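Accompanying notes for the structure given below.
The values are calculated or read from the model by the stated rules, or taken from the named source; none is laboratory data. Computed from a predicted model, the values in this text were never measured in an experiment. In this analysis, Cβ positions are derived from the backbone assuming ideal geometry, glycine residues included, and neighbour counts consider all displayed protein chains.
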Amino acid sequence: MTVQVKSDHLRVAARKLREEAAESLRRAAEQLAVPEKQYGVAAAFDHYTTAAAYRAYATAMEEEFRLLEQACRQLADALEQTAGDYDRADKASAHRVGGVR
């Protein structure tokens, strides 16, 4: 079974991961801080229970978004590296098939 990989497709996927997925996650993490910064959670919620629960939730979600953003960027880096590896392997194979060593 022959496997063909188009390195350009890997690079497109890497770019989309960085520019779309990772950036969307970064913005989502930043948006979680908006209610606290702009409105004050204590003013919007009950002082005794709700504000603390919201803050815990927002902190946990922000951490998750940041981790997912980092994972997207790492995966994009891996795709770029893989594309380069395939290009180098193709070039080396072409030289070997052509009799150049």
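Before moving on, here are some points about what is shown:
- Residues in segment 1-42 that are over 29 Å from Thr59 (Cβ atoms), at pLDDT below 95 and of a type in the set (Val, Ile, Thr) were compared, and the one that is nearest to the chain's Cα centre (by Cα) is Val5.
- The residues in segment 84-101 that are of a type in the set (A, V, I, L, M) and in contact (Cβ under 8 Å) with a residue 24 or more places away in the chain can be counted, and the count is 0.
Each row is one residue, and each column tells you yes or no for (1) out of contact with any Pro (no Cβ under 8 Å at 6 or more places or on another chain); (2) free of Cβ contacts under 8 Å to residues at least 60 places away in the same chain; (3) among the hydrophobic types (A, V, I, L, M, F, W, C).
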| position | (1), (2), (3) |
| --- | --- |
| Asp8 | yes, no, no |
| Ala13 | yes, no, yes |
| Glu23 | yes, yes, no |
| Ala28 | yes, yes, yes |
| Ala33 | yes, yes, yes |
| Glu36 | yes, yes, no |
| Gly40 | yes, yes, no |
| Ala43 | yes, yes, yes |
| Arg55 | yes, yes, no |
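- Pairs where the first residue, in segment 57-83, is farther than 30 Å from Val34 by Cα and the second is part of a helix (DSSP H, G or I) and of a type outside the set (Val, Ile, Thr), C-beta under 6 Å, 6+ apart: Leu79/Leu10; Leu79/Ala13; Leu79/Ala14; Glu80/Ala14; Thr82/Leu10; Ala83/Ser7; Ala83/Leu10; Ala83/Arg11
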